[in-house]
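Participant: The structure's right below; bear with me while I get my questions together.
The values are calculated or read from the model by the stated rules, or taken from the named source; none is laboratory data. Model, not experiment: these values are computed from the prediction. Cβ: placed from backbone, ideal geometry, glycine included. Neighbour counts: every protein chain shown.
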Amino acid sequence: MLVQFLKSVAILNFPRYPSNSLMLQLSKGLMSICEIESTAIAPACDTTSGKRSEPGLSRSLTLLFAAASGLAVANAYFAHPLLDVIADDLSLPRATIGFVVGATQLGYGLGLVLLVPVGDLVDRRKLVIIQSLLSVLALLCVGFAPTEEVLFPALIAMGFFAVATQAFVAYAASLARPEERGAVVGTVTSGIVLGILLARTVAGAVVDIAGWRAVYLLSAAFTLAITAILARVVPAQPKSGPAVSYPKLIGSLFTFFLQEPVLRVRAILAFLIFADVTTLLTPLVLPLSAPPYSLSHAAIGLFGLAGAAGALGASRAGRWTDEGFGQRVTGVALTLMLCSWILIGLLPYSILFLVAGVLLLDFGLQAVHVASQGLIYRVRPEAQSRLTAAYMVFYSTGSALGSSISTLVYARWAWTGVSMLGAGIAAAALLFWAITLPKRMA
């Protein structure tokens, strides 16, 4: 019934415009999502022999995975433009308000270690649906939290279940054919990065209209809606291999990290690049909401659109990685991230410098992240959930560290200190990549 309803909405609300009309494209996109149920796993055909080859992942289901991943991860990033409002509402010190983001990232890190690996043990369809429903409960707790004693545990729980986004990545990668895996991961990861970036835009707009609590309550409603769609159209993926105990499953994370050099290098890069990005995102609301700019939260949230443009520009990184250019993509992207801080540091002179810097920084983040996942998933295709967890726990740790330290640095050394910190982290990432570059690439 839900599918038929969405079809009717697409037809009724999007009249027939010319073929190049944006509204017509939106209508086609909505109706294609409604047809996912019958085309979830797209058959592939060998054009030379006419024989059907290994099934792949349909474009429509890939986009659904991207949308669900973006919504799930956005829950962990809504707080960035809301920090000053939350601090005022709950009487929290401005210097330590970054711990609101840190608590969410702490929960995210725990979920990566304790929850994401379960995707290699059970049916991933059941796992993501249960996680999504529990996310709804956590979001409701955050939205109704009366004090910081309730807020921080609720934020940790919300972050813990937000790791459903990584389950979607591993799920999509496991359904894709090997030759298209990088492209599929790139598309789903684009949804994740867009969710991170547009979370600022949405949260900034909503808070000016209905307050910070409405942001989380609305997200709970949307999460419930998309969970209903997932429950109807996502294919089951029962496990047929030998059973593995949960302790051994978790222990294998550390085994993989010790045994796989690619995982070690890419995990440390993830730690550095996400620490770098949250060093910008977390304190950004403080100078922009103060004189001389005195921007509204809705206006501050629009900076997410600049980052989204950069992320979309880097969406081809997955295809480049499939073609063997993953290391080159990484080097160029890390260089751009370092250069972006020159522009970001010029915020006191013009806000346009900040816009350009955000675009470059988010472009670099997306490109490195997609290239890293494309390289990691080649290592052990049978253990993609655990590889995702081992890699992303460094992402979460870096995000938590950058969020927590940046507001302390801003309180002491203002925007100059934040810019120097961000540039230092970016330089460390570029240097680490150069040192660990395989000799044949050096």
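Participant: Please specify each residue of the stretch 161-172 satisfying the condition of being in a helix (DSSP H, G or I) and not hydroxyl-bearing (Ser, Thr, Tyr). Steps first, please.
Facilitator: In the first step, residues of the stretch 161-172 are kept if they are in a helix (DSSP H, G or I); the result is 161, 164-172.
Within the stretch 161-172, 161, 164, 166, 167, 168, 169, 170, 172 qualify.
Participant: Follow-up question, since we're still on this one. Would you say residue 424 is crowded, with 19+ Cβ neighbours inside 10 Å, among the small types (Gly, Ala, Ser) and either in a helix (DSSP H, G or I) or under 21 Å from the mean Cα position of the chain (by Cα) (or both)? Explain how you work it out, then say what you get.
Facilitator: Details: crowded, with 19+ Cβ neighbours inside 10 Å: no; among the small types (Gly, Ala, Ser): yes; either in a helix (DSSP H, G or I) or under 21 Å from the mean Cα position of the chain (by Cα) (or both): yes.
No.
Participant: Taking the residues in the stretch 59-103 that are under 17 Å from residue 403 (Cβ atoms) and of a type in the set (Ser, Thr, Tyr) as candidates, determine which candidate is surrounded by the most Cβ atoms within 10 Å (Cβ to Cβ). Quick ask: steps written out before the conclusion?
Facilitator: From the stretch 59-103, those under 17 Å from residue 403 (Cβ atoms) are 73-87, 92-103; that's our starting set.
Within this subset, residues satisfying the condition of being of a type in the set (Ser, Thr, Tyr) are 77, 96.
Numbers: 77: 25, 96: 14.
Selected residue: 77.
Participant: Pick out the one residue from 253, 249, 263, 281 that is in contact (Cβ under 8 Å) with a residue 12 or more places away in the chain, under 30 Å from residue 384 (Cα atoms), surrounded by 16 or more Cβ atoms within 10 Å (Cβ to Cβ) and within 18 Å of the chain's Cα centre (by Cα).
Facilitator: Working: 253 fails: within 18 Å of the chain's Cα centre (by Cα); 249 fails: within 18 Å of the chain's Cα centre (by Cα); 263 fails: within 18 Å of the chain's Cα centre (by Cα).
After ruling out the rest, the residue left standing is 281.
Participant: Right, next: Anything in the stretch 369-400 that is part of a helix (DSSP H, G or I) and either over 25 Å from residue 332 (Cβ atoms) or out of contact with any helix residue (DSSP H, G or I) (no Cβ under 8 Å at 6 or more places or on another chain) (or both)? List them, or say none.
Facilitator: Pass one, the stretch 369-400, residues part of a helix (DSSP H, G or I): 369-376, 381-400.
381, 382, 383, 384, 385, 386, 389, 390, 393, 396, 397, 400 - these are the residues of the stretch 369-400 that are part of a helix (DSSP H, G or I) and either over 25 Å from residue 332 (Cβ atoms) or out of contact with any helix residue (DSSP H, G or I) (no Cβ under 8 Å at 6 or more places or on another chain) (or both).
Participant: What residue, among those in the stretch 264-309 that are in contact with an Asp or Glu (Cβ under 7 Å, 6 or more places away or on another chain) and among the hydroxyl-bearing types (Ser, Thr, Tyr), is farthest from residue 345 (Cα to Cα)?
Facilitator: Selected residue: 296.
Participant: Separate question: Would you mind listing the helices (runs of 4 or more DSSP H) fully within the stretch 56-160 where at least 2 residues are of a type in the set (Asp, Glu)? Walk me through it before giving the result.
Facilitator: On the way: elements: 59-74, 83-90, 99-114, 124-143.
Filter on the stretch 56-160 gives 83-90.
Participant: Only one of 155, 127, 133, 114 is surrounded by fewer than 24 Cβ atoms within 10 Å (Cβ to Cβ), over 19 Å from residue 246 (Cβ atoms) and at pLDDT 85 or above; which?
Facilitator: Working: 155 fails: surrounded by fewer than 24 Cβ atoms within 10 Å (Cβ to Cβ); 127 fails: over 19 Å from residue 246 (Cβ atoms); 114 fails: over 19 Å from residue 246 (Cβ atoms).
Matching residue, one of 155, 127, 133, 114: 133.
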